[in-house]
Amino acid sequence: MFRIFKTHSDDADVEARPVSPAQSPPVLTTQSETVSYDTLLDSLVTLSTNNGTTVVQHGARFAVMGELLVSVLTHLPDTMRADIVKSFRARVEYLMSLSDDKPLPEKYHSALLSEVNRYLNALR
């Protein structure tokens, strides 16, 4: 739990210090504290919205790069494709070994293998 202290005469400068439950007597929420909570909530909503937008934009860029790569791979000669498959499989094995020490969520592995299979199929 934190107690809010004014550090200057205006409401914009506040300091939050942790307090123990024994030091924290029940008090009514003042209007300035309500405004602070509302401001914090608005900031959290803005951060979440911006983060969601960034994730969507990243996904769009990733989709375009993937389609470009598939287009390039399908125009390569067969012998070159075979060499790329061999190299790609070795690099994927190395990439997967990086998570041996620090396990990643199943959704990561699922997405990784889905993309690997996508490119291996494009190389056929």
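Numbers at a glance
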item	result
Difference of contour (0.36 nm per residue) and Cα-Cα distance, Leu104 to Asn50	16.9 nm
Environment charge at Val85 (Cβ cut-off 12 Å; Lys +1, Arg +1, Asp -1, Glu -1)	+3
In order through the stretch 84-97: 3J(HN,Hα) via Karplus (6.51 cos²θ - 1.76 cosθ + 1.60), integer Hz, x for Gly, Pro	5, 4, 4, 5, 4, 4, 5, 5, 5, 4, 4, 4, 5, 5
Nearest-20 debye value, the stretch 76-124 charge dipole, Cβ charges on Lys, Arg, Asp, Glu	160 debye
Within the stretch 60-83, backbone nitrogen closer than 18 Å to the virtual label 7 Å beyond the Cα of Val116 toward Cβ	82-83
Tensor-based shape of the stretch 76-124 (alpha-carbon gyration tensor, a/c under 1.5 rounded, otherwise prolate or oblate)	oblate
Efficiency of FRET between Glu67 and Thr39 - r from beta-carbon atoms, R0 25 angstrom, step 0.05	0.05
Fewest-first ranking of His75, His109, using other Cβ atoms within 10 Å as the exposure measure	His75, His109
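Any read-out appearing in this document is the output of simple, stated calculations on the displayed coordinates, not a laboratory observation. Bear in mind that the values here come from a model prediction, so they are computed numbers and not experimental data. Positions of Cβ are generated from backbone atoms using ideal geometry, with glycine treated the same way; all protein chains shown enter the neighbour counts.
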